[in-house]
Amino acid sequence: MMIAWILATFVSVVVPRSAAAGERFLAQPKLATDCQSALIAATTPFAQKKLKQLDKCAGAVFKCLQTVAHDFEADVDPVDACLEKASLRCVKATDVITAEEQRLTDAITKGCAALDPADLLRADGVGYELIAPDCLDFGVTLGDTASVAECIVQQHECAIEQIYLAEHPRSGELFDLTNADLGPDSCLDDLGGPGEGVDDVKLGRQVAQCQQGVTNAGGAFVGTKLKSVGRCLGAVFTCVQLAAHDDGTCLAKAQKTCDQAFAAVEKSARTVEPAIGKSCGAIPFDQLAADTGVDYQALIDDETCVDFGVSNIATVPHYAICTYRRAECVSDDIMRFTAPRAEELLALVNRTLPGSFFCVPPDDF
């Protein structure tokens, strides 16, 4: 199964190339390059830090439910005492997330402040007019640097929460259990868990270790994907804006950068399923699927994996495939909002966005 999955992962998707690929008509292309570089540089750290903080909260609450036994005869039930401590960690985590969201906004605003907003929007500039309809879905009408920053931050917030929810299906429930507030537009949905762990604490420790292994594997892949693809996009964008007439020398160097970047992504992708299998494979599947365990059943009921070509979750490898594919596809979307010309730029180095067949909506084939 794993071999077939890995091969399927890297099947190229044929997408139309922009008619304006490689063209630039800006009066100050260096400012556009600086802006795009700032956007790329801010994205990966934000994603990594937010995933880490989500896991600090959800992981702490999950351990309380899974590894601490109830004692209803005690003055304070040990589980309740643990949850009280975990709730403090969750408050700190949400405060850090809020600060990181502001840091991302500031990085975008500062990095693009010198660029005329018209060039930020133009399809032959940074290109945000290309995703203006998508920004409307977040309630943002693009018109200036501030509105672009607002759209990017909202999309990144939601996308990262979507990735984490697949890695930790009970995370929305766990945040709600401690009243941790991610804001009214949070995409970390409560899928309806019972607020309890498995009956056996020994099994619960295994379940908690399994869950931690999943979030570690998923987070590592997302970080590698965003950093590597961002490096490629930055190199190509620089060529398009600053070396359009150098007989292809810049693009040849960018091609090597991109080949190395995508090789790193592929290498990281190959580690996800084995890592999840190692962390979770020894646990009876019915315990993992149960709402008191990891709650794979919630992903099945919510049809989380269907859009990525995984119609059912009957084994740990099925779940690993779903987790990986969702991370792959949502990361592609993060890069599209970070670099709206990504599809055009990647085509110049013989790459595609989306990068995998399972990220393309069926109606687009």
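Structure notes:
Okay, residues lined up against (1) under 21 Å from residue 264 (Cβ atoms); (2) buried (at least 20 other Cβ atoms within 10 Å of the Cβ):
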residue: 194; (1), (2): no, no
residue: 197; (1), (2): no, yes
residue: 201; (1), (2): no, no
residue: 204; (1), (2): no, yes
residue: 208; (1), (2): no, yes
residue: 212; (1), (2): no, no
residue: 217; (1), (2): yes, yes
residue: 228; (1), (2): yes, yes
residue: 232; (1), (2): yes, yes
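- In this structure, residue 188 qualifies as buried (at least 18 other Cβ atoms within 10 Å of the Cβ), in a loop (DSSP other than H, G, I, E, B) and at pLDDT 95 or above.
- Taken as a whole, the structure places residue 236 among residues that are at pLDDT 95 or above, of a type in the set (A, V, I, L, M) and more than 25 Å from residue 64 (Cα to Cα).
- Every pair of residues 6+ apart whose Cβ atoms lie under 8 Å, when the first sits in the range 241-270 and is over 30 Å from residue 321 (Cα atoms) while the second is exposed (fewer than 14 other Cβ atoms within 10 Å of the Cβ) and not basic (Lys, Arg): 243/249; 244/23
- For the range 334-361, a tally of residues being outside any loop (DSSP other than H, G, I, E, B), in contact with a helix residue (DSSP H, G or I) (Cβ under 6 Å, 6 or more places away or on another chain) and not small (Gly, Ala, Ser) returns 8.
- For the range 16-31, the count of residues that are modelled with pLDDT of 95 or more and of a type in the set (Phe, Trp, Tyr) is zero.
- Complete set of residues in the range 121-161 that are in contact with a helix residue (DSSP H, G or I) (Cβ under 8 Å, 6 or more places away or on another chain), surrounded by fewer than 18 Cβ atoms within 10 Å (Cβ to Cβ) and within 19 Å of residue 329 (Cβ to Cβ): 134, 138
- Residue within the range 49-62 that is out of contact with any Cys (no Cβ under 8 Å at 6 or more places or on another chain), crowded, with 18+ Cβ neighbours inside 10 Å, more than 21 Å from residue 211 (Cβ to Cβ) and acidic (Asp, Glu) present: no
- Boolean, residue 217 is of a type in the set (A, V, I, L, M, F, W, C), touching a Pro at 6+ places or on another chain (Cβ under 9 Å) and in contact (Cβ under 8 Å) with a residue 60 or more places away in the chain: yes
- Once the range 255-310 is narrowed to residues that are of a type in the set (Lys, Arg) and more than 22 Å from the chain's Cα centre (by Cα), the residue that is nearest to residue 194 (Cα to Cα) is 278.
- The set of residues in the range 241-274 being surrounded by fewer than 17 Cβ atoms within 10 Å (Cβ to Cβ), among the β-branched types (Val, Ile, Thr) and under 21 Å from residue 213 (Cα atoms) consists of 271 alone.
The values are calculated or read from the model by the stated rules, or taken from the named source; none is laboratory data. Note that the coordinates shown come from a computational prediction; the quantities given were computed from them, not determined experimentally. Using ideal geometry, Cβ is built from the backbone for each residue, glycine included, and neighbour counts are taken over all protein chains shown.
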